[in-house]
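Beneath this line is the structure, given in structure tokens, with notes to follow.
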Amino acid sequence: MDKALLIIMAKWHGFGRCKTRLAKDIGKRNSAKVQSVMTNHTISVAKSLQKIKLIDISIAISGLGIKNCRRWSRELGIKKFNLQGKGSLGERMKRQILINKKFCTENKIKNIIFIGTDLPDLCHLDLINTLRELTQNDLVLGPSNDGGYWIIGLSSKIIAKHLNLPFINIEWSKENVLQKTIDNFASTKLNYKFLDKKIDIDTIIDIENRK
């Protein structure tokens, strides 16, 4: 398996500034705590693969300024971080690819994987399966319960020649994000693979559906 760069899209767990839909049911303090626990879990899983040199980690942060981002990244034990910046989720992910291109070239990293921090049941096998599927596919997607995806893996072929395709013509708050992403590749001969579906934790219903 080729080494990949794992970019973790993370939001600062500030009081009243994250998980707003969940906060309506469990309160702002509890929703912030849930966000913090899930972020720490995601980082822990990622580090287990970094330790055996299957991935490098970059954390893309929103909700903080550069100085506080540096401090939080240091607390999480992640050396490489960037601000997410403005725009839609697609624009922010594309920006992270462009920011990290030089790092990937210098470290001979071909593939890039994006993941959020809303998966309490994420395990190291999920990342290993993504890496494995990227050896035979150009695009790897993990469907989520809300019609989007919980992980996306991009091959060097997409990054070099089709960088816009995963991120254009998509309304990121709608329930057809996954389908629109696939539709964007319809005119190409690129291969894609689905992983198992998972539940992103955004509302109290999401938590109840995991029981």
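The values are calculated or read from the model by the stated rules, or taken from the named source; none is laboratory data. The structure presented is a predicted model; accordingly, all values stated were derived computationally and were not measured. Don't worry about glycine lacking a Cβ; one is built from the backbone with ideal geometry, like all the others, and counts go over all protein chains shown.
Specify the residue that is nearest to the chain's Cα centre (by Cα); the eligible residues are those in region 162-211 that are of a type in the set (Ser, Thr, Tyr) and modelled with pLDDT under 85.
Looking at the filtered set, the residue picked out is 173.
Restricting to region 73-93, name every residue that is assigned to a helix (DSSP H, G or I) and either polar (S, T, N, Q) or within 19 Å of residue 169 (Cβ to Cβ) (or both).
Hits for region 73-93 are 73, 89, 90, 91, 92, 93.
For the subset of region 45-94 comprising residues that are out of contact with any helix residue (DSSP H, G or I) (no Cβ under 7 Å at 6 or more places or on another chain), without any contact (Cβ under 8 Å) to a residue 24 or more places away in the chain and among the aliphatic types (A, V, I, L, M), which member is surrounded by the fewest Cβ atoms within 10 Å (Cβ to Cβ)?
That would be 52.
Which count do you get for residues in region 143-169 that are touching a helix residue (DSSP H, G or I) at 6+ places or on another chain (Cβ under 8 Å) and within 21 Å of residue 100 (Cβ to Cβ)?
12
With the condition kept exactly as written, say whether any residue in region 145-152 is of a type in the set (S, T, N, Q), over 15 Å from the mean Cα position of the chain (by Cα), surrounded by fewer than 19 Cβ atoms within 10 Å (Cβ to Cβ) and at pLDDT 95 or above.
no
Within region 54-63, is there a residue that is at pLDDT below 95 and closer than 22 Å to residue 173 by Cα?
Yes: one or more hits.
In region 121-141, what residues are farther than 20 Å from residue 56 by Cβ and buried (at least 17 other Cβ atoms within 10 Å of the Cβ)?
137, 138, 139, 141
So, in region 139-186, exactly how many residues are part of a loop (DSSP other than H, G, I, E, B), free of Cβ contacts under 8 Å to residues at least 12 places away in the same chain and within 19 Å of residue 197 (Cα to Cα)?
Residues flagged as part of a loop (DSSP other than H, G, I, E, B), free of Cβ contacts under 8 Å to residues at least 12 places away in the same chain and within 19 Å of residue 197 (Cα to Cα) within region 139-186 amount to 1.
For region 100-117, name all the residues that are out of contact with any Leu (no Cβ under 9 Å at 6 or more places or on another chain) and among the β-branched types (Val, Ile, Thr).
105, 117
Taking into account only those residues within region 102-138 that are of a type outside the set (A, V, I, L, M), in contact (Cβ under 8 Å) with a residue 40 or more places away in the chain and in a helix (DSSP H, G or I), which is farthest from residue 150 (Cα to Cα)?
103
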